[in-house]
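Participant: If you scroll down you'll find the structure; I have some questions about it.
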Amino acid sequence: MGVEQKLGNMGVVTTTLENVINWSRTNAMWPMLFGLACCAIEMMSAQAAHYDMSRFGMELMRASPRQSDLMIVAGRVSKKMGPVLRRLYDQMPEPKWVIAMGDCASCGGVFNNYAIYQGVDEVVPVDVYVAGCPPRPEALIHGVLTLYEKVKGIKLAEKTVEEK
Amino acid sequence: MTDWTIWVEWVVKGFILCMILLTGFAYLTLYERRALARIQVRVGPNRAGPQGLLQPIADAVKLIFKEELTPGKVYKVVFLLAPVLTVVPSLVLAAVIPLGDKFMLFGREITLYVADLNVGVLYLMSIASIAVYGIVLAGWSSNNKYAMLGGIRSSAQMISYELSLGLCFVIAIILGNSMNLNEIVDAQRDMWFAVIQPAGALVFMVVTLAEVNRAPFDMPEAEQELTAGYHAEYSGMKFALFFMAEYQKMIVICMIAATLFFGGYREFWFLKDTFFSVDSVWTIGSWQFKAWFLGPIYMLLKVIVLLFFMIWIRATWPRIRYDRLMAFGWKVLLPLCLVLAFITAVGILLFDLLGNPMLIWGVPVLSMLCILVVVAFIYRDLRRKSHGRV
Amino acid sequence: MEKSLEPILKNLQDKFGATLEEFRGEAQCIVKAEQIVGALKTLRDAHHFELLSAQTAVDYFPQTAPRFHVIYQLTSISKNLSVQLRVPVSAGNPKVPTAANVYKTAVWRERELIDMFGIEFEGHPDPRRILMPEGTEGHPLRKDFPLGYEEPQFTFNFEEIDLRKPYAKE
Amino acid sequence: MAQLEEVTVDLYKHLVSERALTGETMLLNMGPQHPSTHGVLRLLLELDGEVVVNCIPDVGFLHTGIEKNMEAKTYQKAEVMTDRLDYMNTMGNNLAYVMAVEKLVDLDVPPRAQALRVILVELQRIASHLVWLGTSGLDLAAMSMFLYCFREREQILDIFELVSGQRMMTTYIRPGGVWRDVPVEFEKAVRDFIKIFPKRIDEYERLLTKNPLFIDRMVDIGYLSKETALSYGVTGPTLRASGVDWDLRKTRPYMGYEQYDFDVPVLTEGDTYARYLVRIEELRQTLRIVEQALNKLPMGPVRSDNRKYVPPPRSEIGLSMEALIHHFKLWTEGFLAPNASVYSAVESPRGELGVLLEGDGGPKPRRVHMRTPSFDNLAVLPELVKGHLVADLVAILASIDIVLGDIDR
């Protein structure tokens, strides 16, 4: 789990350090190139010229989970895809975040049936849910900014304690 | 007798050079992202700091504080060593490149290069090819089939382009009549080699793209084919080292290109003997000094322009296919380079023998003709292949 | 119905004992399972039905004989005609000879039917599941397979369902 | 907790060659998460060096149970499911399904609604081809192409949002017509697009069509013969690039396509480059249809007034008791359809999109089968890639233009 493990609880040092770290994490969050269904197209739109997520330093979509910080689950997760998704999540290095983009990833959406996980939070822990079917690119960007707010509030020492 | 100050000088210069390359790498990533964004009607990173100027710092800090995974079945020693093996040559490479003219400071002559090698060009050749070991070993030790394919591709690519690269160096050596980079730069006082041998400069740029694995020759990490190629299993700072090596190599290669063909730290040839010349002496009031500091500025300008050339190509051209890359290297570039070297040598020889300065202009004309013939052949081949649909 | 389709259907009726139905101008022929491959071959070779547009099945649960209809939608590109063949399949013995040797597209389409309806195709080259993960129980598109309805979460039952929900851990 | 099973070779033993079992060739797993599989497609590749010996596609990672879910809904409510099938072609899916319903219950569509449907479906075709062009450019690492294409696509999505309120999942085309009449800004928005787009196509062509590297990557790669294509049920531009002149809009006109003057591009080479050229030409032809349909757009109602199947307009509900009853019945119970089966097909950007709809006399369908073109187009992939390099596989996969939502349903 990244710096938390290296530092442990160091009191004053971590509080000043954590501002810098959190700032850097919000400004250089590289998403994983991970599209599942319809929402992936809107995610691509969000990357494209009109909305341009690269403004937040997010255009470096990494194809390898080892190098990415953020997994945007864009679309419905089928029972066959769930284990694959989980493995990809496990392969990502800490700290990592997940955005459930769209209704299907958040709660199953219109597909209340045998084939679809009713929300990707059954497979991986989710940080931010973005509603919409599919969400507009603005909504996704809002979701990302909401995640940034969450990241800015992370206390390095606390997180270590909480997880243990 | 050893002068201890020379050690200090070396250390200081080496340190400064490393810092230049490190910050250069960081801001090159930003430069590339902004330039790409501009070409692609986007904005690019502009949130971290004013105009996104702190973006590289954010990236760096994030990567430093990221967990570093070492996957279970990797060959640990090699896995850890490979990024180092890639990044060190890219730093060391810059040691022989003169960044500016010599000047006097504290009563001693300071030169703006770390080492003055008589065989500087040879040094560049040998160090540049070491970096490929890092890539191959990274690919092999990762225990990942994609990474391995990337590593293999990279070694094959390196072998097929090394020869052409060497021949391009040979062109510069013939023109400069020396293997010392300082002398090559000095030889370009009257005329850039890029003007005398434009085809050579062009081929050199193409070959260096392949040498530093840049698009359209970015085979080892071809994202669409091999996901992330040789660094697929690397995370955190280890990955950043590969990133660093690639971009530093871009910078250094552009420096080399500038040195060999575009006059190095020297001014534009038509500014010779003017106020803007590196050799000119500026007078402010009663204070006279040599304008040596223009050297690094000219170098920077040239490097920025050449880097933009690389970024521009990346934005517009599709990736070449692996086997075509090899075919292009062996069947097109190598013969072309041989012919170009031959033309240059003969041109110089005739110029020396007959003493007619106009003869030297036969070299650019003939070599551009060669390039045109090659391009025409490629197009004819394509047209035949595509049944006239081109 | 198209005029030029009539001799073809007549041929089918004579040769394979097909029964003909018509709905909104579409011809639907019911053919016995053992004769379907022959019928498809005749249609392809003698009557230029080059394209197997669709192959699917319908479940007539609770009815058991026949419980399924396997449907072959054929298109003739050179004559611009289409015809539908239907093969009744009983619940106890859901077996149909494979059409994979006539139309290659049937390989995947039949894998889908194997997966979704549990109909067996005799002589199929690759009878694996195609859509569902390996090891799934049952065949989803059968009428007796539950849809898998999950109760929606509202404010009044939020907590109750929240407790049951299998949230993932780090 | 969901765990990934270790995949063994046993499952694929009969599909790979002997050499793979001895370790002489390499088995490479491409996907389900891979930048150039266009979604969650998994390809098991048997490689000899970098040459593909065998390619085994594994689909189903996006299996959504749409067909089953539609059986549990009334005919009208099931329509929202169709949007999410082939998410590049939402309007086209709506049209295919709605046409099947209309055929099943014998419902007429007013001419204005027909013309509107044509305009929107053709715009959707352009949008779909733009995504194809962008992503296939990206697959060959011509990354700027992707962003240019999405710039124009954004304009089309704005038009969709104007008429339906949603960018992608519009459900605008309804049984008996369309949801509501288009707003007045519609015409200007479409005309703006028609004006700007031809220039943009020229730009794309300048960037790719004559680029030597691009030609080198595309020509003589992934040859698909006419016979193989037909046997595998390949349709759409992929089939037309192999020399079969088969476009449902021409051969079996629906929604008044016979009124419009357009050409169907057909090439005989059957390689990746031919498929590319066919689609590029389709962009131009599609624009012609849009322009003609917009010029000819008649006035009149946009929904059938058959109250048995089509809900009454809002304005009537407050005034007429009968209308209120119809509205209530239609949205609670739904309408009853005969116990019969119909098959109707439209030309989607990827090929023949057929809907086999079987009613059981009640308000819900007994069976809805979507004959999706990508399913068959992907099945032919192993034939195309054999003997080519991995890099070519990427180009071929892009050229057959699959959408995983379309395959897995």
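The values are calculated or read from the model by the stated rules, or taken from the named source; none is laboratory data. Since the structure is predicted, the reported quantities are computational estimates derived from the model, not experimental observations. Backbone-built Cβ (ideal geometry, glycine too); neighbour counts: all protein chains shown. Each accessible area value is taken on the protein alone, full model and side chains, heavy atoms only, with ligands, DNA and RNA left out. Shrake-Rupley method; radii C 1.70, N 1.55, O 1.52, S 1.80 Å.
Participant: Looking only at the stretch B:1-35, count every residue that is open to solvent by 60 Å² or more (accessible area, probe 1.4 Å) and touching a Phe, Trp or Tyr at 6+ places or on another chain (Cβ under 9 Å) and tell me the total.
Facilitator: 1
Participant: Also, quick follow-up: Regarding the stretch A:120-136, can at least one residue be identified that is of a type in the set (Phe, Trp, Tyr), more than 10 Å from chain C (Cβ to nearest Cβ) and not in a helix (DSSP H, G or I)?
Facilitator: yes
Participant: Got a number for residues in the stretch B:252-283 being open to solvent by less than 20 Å² (accessible area, probe 1.4 Å) and assigned to a helix (DSSP H, G or I)?
Facilitator: Number satisfying all stated conditions: 10.
Participant: Please determine, by comparing only the residues of the stretch C:153-170 that are farther than 20 Å from residue A:86 by Cβ and hydrophobic (A, V, I, L, M, F, W, C), which one is nearest to the other protein chains (Cβ to nearest Cβ).
Facilitator: Only one residue tops the list, namely C:161.
Participant: In the stretch A:82-118, how many are outside any helix (DSSP H, G or I) and either of a type in the set (Asp, Glu) or at the interface with chain C (Cβ under 9 Å from one of its Cβ atoms) (or both)?
Facilitator: Qualifying residue count, the stretch A:82-118: 8.
Participant: Say whether the condition of being exposed (fewer than 14 other Cβ atoms within 10 Å of the Cβ) and within 16 Å of the chain's Cα centre (by Cα) is met by at least one residue in the stretch B:338-352.
Facilitator: The answer is no, given that none of the residues of the stretch B:338-352 is exposed (fewer than 14 other Cβ atoms within 10 Å of the Cβ) and within 16 Å of the chain's Cα centre (by Cα).
Participant: A follow-up question, please. Could you check the stretch D:14-88 for strands (runs of 3 or more DSSP E) lying wholly inside it with 3 or more residues that are touching a residue at least 24 places away in the same chain (Cβ under 8 Å) and surrounded by fewer than 22 Cβ atoms within 10 Å (Cβ to Cβ)?
Facilitator: It comes to D:42-48, D:51-58.
Participant: Kindly indicate whether any position in the stretch A:83-102 is more than 14 Å from the chain's Cα centre (by Cα) and either closer than 26 Å to residue D:169 by Cα or crowded, with 24+ Cβ neighbours inside 10 Å (or both).
Facilitator: Scanning the stretch A:83-102, I find no residue that is more than 14 Å from the chain's Cα centre (by Cα) and either closer than 26 Å to residue D:169 by Cα or crowded, with 24+ Cβ neighbours inside 10 Å (or both), so the answer is no.
Participant: Would you confirm whether any residue within the stretch B:83-100 is assigned to a loop (DSSP other than H, G, I, E, B) and without any contact (Cβ under 8 Å) to a residue 60 or more places away in the chain?
Facilitator: Among the residues of the stretch B:83-100, not one is assigned to a loop (DSSP other than H, G, I, E, B) and without any contact (Cβ under 8 Å) to a residue 60 or more places away in the chain, which makes the answer no.
Participant: Confirm whether residue D:248 is open to solvent by less than 50 Å² (accessible area, probe 1.4 Å), within 14 Å of chain C (Cβ to nearest Cβ) and over 19 Å from the mean Cα position of the chain (by Cα).
Facilitator: So residue D:248 does not fit the description; no.
Participant: Then there's this: Do we find a residue being farther than 24 Å from residue D:140 by Cβ, assigned to a loop (DSSP other than H, G, I, E, B), open to solvent by less than 10 Å² (accessible area, probe 1.4 Å) and away from every other protein chain (no Cβ under 12 Å) anywhere in the stretch D:265-287?
Facilitator: no
Participant: Looking only at the stretch A:1-31, which residues are outside any helix (DSSP H, G or I) and at pLDDT below 55?
Facilitator: Scanning the stretch A:1-31 gives A:1, A:8, A:9, A:10, A:11.
Participant: Quick check on my filter: what residues within the stretch A:50-59 are open to solvent by less than 30 Å² (accessible area, probe 1.4 Å) and more than 7 Å from chain B (Cβ to nearest Cβ)?
Facilitator: Answer for the stretch A:50-59, where residues must be open to solvent by less than 30 Å² (accessible area, probe 1.4 Å) and more than 7 Å from chain B (Cβ to nearest Cβ): A:51, A:53, A:58.
Participant: Going by what's in this entry, would residue D:394 be described as surrounded by 24 or more Cβ atoms within 10 Å (Cβ to Cβ) and either modelled with pLDDT of 90 or more or part of a loop (DSSP other than H, G, I, E, B) (or both)?
Facilitator: no
Participant: Further, regarding this structure: Can you name the residue in the stretch B:159-210 that is part of a loop (DSSP other than H, G, I, E, B) and aliphatic (A, V, I, L, M) and, of all such residues, is nearest to residue B:118 (Cα to Cα)?
Facilitator: Among residues in the stretch B:159-210 that are part of a loop (DSSP other than H, G, I, E, B) and aliphatic (A, V, I, L, M), the one nearest to residue B:118 (Cα to Cα) is B:179.
To keep it simple, each residue is scored yes or no on (1) within 13 Å of chain C (Cβ to nearest Cβ); (2) more than 19 Å from residue C:129 (Cβ to Cβ); (3) touching a Gly at 6+ places or on another chain (Cβ under 7 Å).
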| site | (1), (2), (3) |
| --- | --- |
| D:24 | no, yes, no |
| D:28 | no, yes, no |
| D:31 | no, no, no |
| D:34 | no, yes, no |
| D:39 | no, yes, yes |
| D:47 | no, yes, no |
| D:50 | no, yes, no |
| D:54 | yes, yes, no |
| D:61 | yes, no, no |
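Participant: What are the residues in the stretch C:1-42 that are in contact with a Cys (Cβ under 6 Å, 6 or more places away or on another chain) and open to solvent by 20 Å² or more (accessible area, probe 1.4 Å), if any?
Facilitator: C:20 - this is the single residue of the stretch C:1-42 that is in contact with a Cys (Cβ under 6 Å, 6 or more places away or on another chain) and open to solvent by 20 Å² or more (accessible area, probe 1.4 Å).
Participant: Ok, one more. When the residues of the stretch C:112-142 are narrowed to those that are in contact with a helix residue (DSSP H, G or I) (Cβ under 8 Å, 6 or more places away or on another chain) and more than 21 Å from residue D:407 (Cβ to Cβ), which ends up farthest from the other protein chains (Cβ to nearest Cβ)?
Facilitator: Among those that are in contact with a helix residue (DSSP H, G or I) (Cβ under 8 Å, 6 or more places away or on another chain) and more than 21 Å from residue D:407 (Cβ to Cβ), it is C:120.
Participant: Go through the residues of the stretch D:75-82 one by one and say whether even a single one is among the acidic types (Asp, Glu) and within 29 Å of residue A:53 (Cα to Cα).
Facilitator: no
Participant: Related question: How many residues, within the stretch D:332-366, are more than 12 Å from chain C (Cβ to nearest Cβ), of a type in the set (Ser, Thr, Tyr) and touching a strand residue (DSSP E or B) at 6+ places or on another chain (Cβ under 6 Å)?
Facilitator: Here the count works out to 0.
Participant: Further, regarding this structure: Being under 22 Å from residue C:54 (Cα atoms), of a type in the set (Ser, Thr, Tyr) and not in a helix (DSSP H, G or I) is the filter here, so list the residues in the stretch D:216-262 that pass it.
Facilitator: D:225, D:232, D:235, D:242, D:254, listed by residue number.
Participant: OK, next. Could you please give the count of residues in the stretch B:36-64 that are open to solvent by 40 Å² or more (accessible area, probe 1.4 Å) and free of Cβ contacts under 8 Å to residues at least 40 places away in the same chain?
Facilitator: Qualifying residue count for the region: 10.
Participant: Something else now. Within the bounds of the stretch D:347-364, is there any residue that is among the β-branched types (Val, Ile, Thr), farther than 21 Å from residue D:76 by Cα and open to solvent by less than 10 Å² (accessible area, probe 1.4 Å)?
Facilitator: Scanning the stretch D:347-364 turns up no residue that is among the β-branched types (Val, Ile, Thr), farther than 21 Å from residue D:76 by Cα and open to solvent by less than 10 Å² (accessible area, probe 1.4 Å).
Participant: Can you name the residue in the stretch B:65-78 that is open to solvent by less than 70 Å² (accessible area, probe 1.4 Å) and either away from chain A (no Cβ under 12 Å) or of a type in the set (S, T, N, Q) (or both) and, of all such residues, is nearest to residue A:20 (Cα to Cα)?
Facilitator: Here the answer is B:70.
Participant: Going residue by residue through the stretch D:327-339, is there one that turns out to be touching a Leu at 6+ places or on another chain (Cβ under 6 Å), under 24 Å from residue D:100 (Cβ atoms) and of a type outside the set (A, V, I, L, M, F, W, C)?
Facilitator: No, every residue in the stretch D:327-339 fails to be touching a Leu at 6+ places or on another chain (Cβ under 6 Å), under 24 Å from residue D:100 (Cβ atoms) and of a type outside the set (A, V, I, L, M, F, W, C).
Participant: If only one of B:220, B:296 is assigned to a helix (DSSP H, G or I), out of contact with any helix residue (DSSP H, G or I) (no Cβ under 6 Å at 6 or more places or on another chain) and either more than 14 Å from chain A (Cβ to nearest Cβ) or more than 27 Å from residue B:363 (Cα to Cα) (or both), which one is it?
Facilitator: B:296
Participant: List pairs: first in the stretch C:1-29 and more than 16 Å from residue D:103 (Cβ to Cβ), second buried (at least 17 other Cβ atoms within 10 Å of the Cβ) and of a type in the set (Phe, Trp, Tyr), Cβ under 9 Å, 6+ apart or cross-chain?
Facilitator: Hits for this filter: C:8/C:49; C:29/C:16.
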